[in-house]
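Notes to accompany the following structure.
Here, each number is a calculation from the coordinates, and none is a lab measurement. Remember, it's a predicted structure, so these values are computed and weren't measured experimentally. No Cβ is skipped: glycine too gets one built from the backbone with ideal geometry, and neighbour counts run over all protein chains shown.
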Amino acid sequence: RLRPDPGITPMAMSVEVAKSYYGSVGQNWERAAMIKARAVAGDQEAARRFLQRIRPFVWRRHLDFAAIQDIHSIKRQIAAHRGGHTIAIKGHNIKLGRGGIREIEFIAQTLQLIWGGREPELRIAPTCEALSLMAKHVKLEMKIARDLINAYRFLRKLEHRLQMVDDKQTHSMPTDDHAIAQIAAFMAYDDPASFVAELEKQLKTVEKHYAGLFEAAPTLGATVEEAADEIHGNLVFTGTENDPDTLVTLKRMGFSDPPSVADRIRSWHHGRYRAMR
């Protein structure tokens, strides 16, 4: 679903078609994803040339507040889909859930999208290196960068341990005490309580810094619907899933079937109707 317009395009397409898509109707979440894009097979030189050609799409010299909120809406969609609104150790998704790996990646990628257009040295893929560079270039407090890097390494190590149990592709903590005790031992903790305390501390640290960057900002809906003072909320129609806060806003505005309205507007954003471009 990362390829251009996955609902209607084939699995493989020409470079020209992809370049045209990114140049005309590419979305902000795709820009964030392309920060980490790299060749994994085939013609390495062709891949390098393609990434070079779409560089102006990924790295813009100016990024407005609406674009930042647009990227943030993807995280809310993930939270709604995976049930990650709160931190609860048992069953918590340490990648997509609250305070998890994805929030650290979003912080790094959003700062890169804001500043990378004007400062090319910030255009790197590794998350921890990106956070270190942000601190070095005074785009992020050194303490926050250090906290996020420590949390990232801790959560990645835990992710690998979880997946080594029964060789499962999982990112969720066990739901029973015995299994959590086993993971604690696997993480080299003497007792489960100290492990749980450290995990909770790391998740809450990430949650706090993530909220400081994103969630204290005014809602996007206030800028889109300034004329309607009584209606506040998000009006974001990006990605492939509905933003839950946007559905609430549409309901409040009087629409009886918010998901259908969101789907319709999302189709406009994809530029399928020439007049909407």
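Below is a table of values for the structure above.
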quantity	calculated
Share of alpha-carbon pairs per 10 Å distance bin for the stretch 79-184, given as whole %	15, 39, 29, 15, 3, 0
Karplus 3J(HN,Hα) series, Hz, for the stretch 99-110 with 6.51 cos²θ - 1.76 cosθ + 1.60 (x for Gly, Pro)	x, x, 4, 4, 5, 5, 4, 5, 4, 4, 5, 5
Computed label-point distance, nm, for sites Val17 and Val40 using a 7 Å Cα→Cβ extension	2.1 nm
Exceeding the 32 Å Cα-Cα cut-off - candidates Lys90/Lys143; Lys90/Lys136; Lys139/Lys168; Lys19/Lys251	Lys90/Lys136; Lys139/Lys168; Lys19/Lys251
Note, ³J(HN,Hα) from phi for the stretch 56-61, Karplus 6.51, -1.76, 1.60, rounded to Hz, x at Gly and Pro	x, 6, 6, 10, 9, 6
Percentage relative contact order, the stretch 78-169, counting C-alpha pairs under 8 Å, at least six apart	20 percent
Under the Karplus curve 6.51 cos²θ - 1.76 cosθ + 1.60, θ = phi - 60°, whole-Hz ³J(HN,Hα) for the stretch 162-171, x wherever Gly or Pro sits	4, 6, 6, 6, 6, 6, 9, 7, 10, 10
Gain in span if fully extended, Glu119 to Ala185, counting 0.36 nm per residue against the direct Cα distance	19.4 nm
Positive-end extreme of charge dipole, the stretch 142-196 - chosen from Gln163, Ala188, Met142 (charges on Cβ)	Met142
Rough spin-label spacing in nm, given labels placed 7 Å along Cα→Cβ, for Arg61 and Ser172	4.8 nm
Calculated FRET efficiency for the pair Arg161/Arg3, C-beta based, R₀ 41 Å, to 0.05	0.80
